[in-house]
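Data block below; observations after.
Just so you know, all these numbers are worked out from the coordinates, no wet-lab data involved. Given the structure is predicted, the values throughout are model-derived calculations rather than measurements. FYI the Cβ positions are ideal-geometry reconstructions off the backbone, even for glycines, and counts take in every protein chain you see.
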Amino acid sequence: MSALVESNLALILFLPWFLILTALYWIYPRQPRHAARRLFDVGAIALSVIAFVLTIHWAQSIADANAGRIWRQVLATSLGYGAFLAVLTLALIVRWRWLKRA
């Protein structure tokens, strides 16, 4: 397996699930849908993906090399998924409070 694929394997494998979560985040709630909200949503999704990628690369660099290559991937995927969900959940809460005020 190439080094590029190996270092981004978690992203490749989780991409379908991330697309589902991102679509749900984007669609609900349906209203209001103005330019500011769309910009906020794009930024939140981008930050979630960036947090995921940075976390998986960081986790792979700190993982114990003696544990085996698969466990580096397991650690990276677990921590990266947590980072993705944390950023998206925080954005969901901020957006909900913002739309509630408006």
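Data overview
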quantity: Hz values of 3J(HN,Hα) by residue in segment 91-102 - Karplus curve (6.51, -1.76, 1.60), Gly and Pro given as x; calculated: 5, 4, 5, 4, 5, 4, 5, 5, 6, 5, 6, 6
quantity: Inter-centroid distance (Cα atoms) of segment 34-81 relative to segment 1-15, Å; calculated: 12 Å
quantity: Selection from VAL94, PHE84, SER61, by position along the positive dipole direction of the chain (Cβ); calculated: VAL94
quantity: Residue among ILE20, ILE56, ILE45 with the largest mean-square fluctuation in a Gaussian network model of the chain, springs linking Cα atoms under 10 Å; calculated: ILE20
quantity: Whole-number percent relative contact order across segment 3-101, with pairs defined as alpha carbons under 8 Å at least 6 apart; calculated: 33 percent
quantity: Sites ALA36 and THR89, calculated FRET efficiency, Cβ-Cβ separation with R0 30 Å, nearest 0.05; calculated: 0.90
quantity: Dipole magnitude of the chain, debye to nearest 20 (Cβ charges: Lys/Arg +1, Asp/Glu -1, about Cα centre); calculated: 700 debye
quantity: Förster radius 22 Å - calculated FRET efficiency between TRP26 and LEU54, Cβ distance, rounded to 0.05; calculated: 0.50
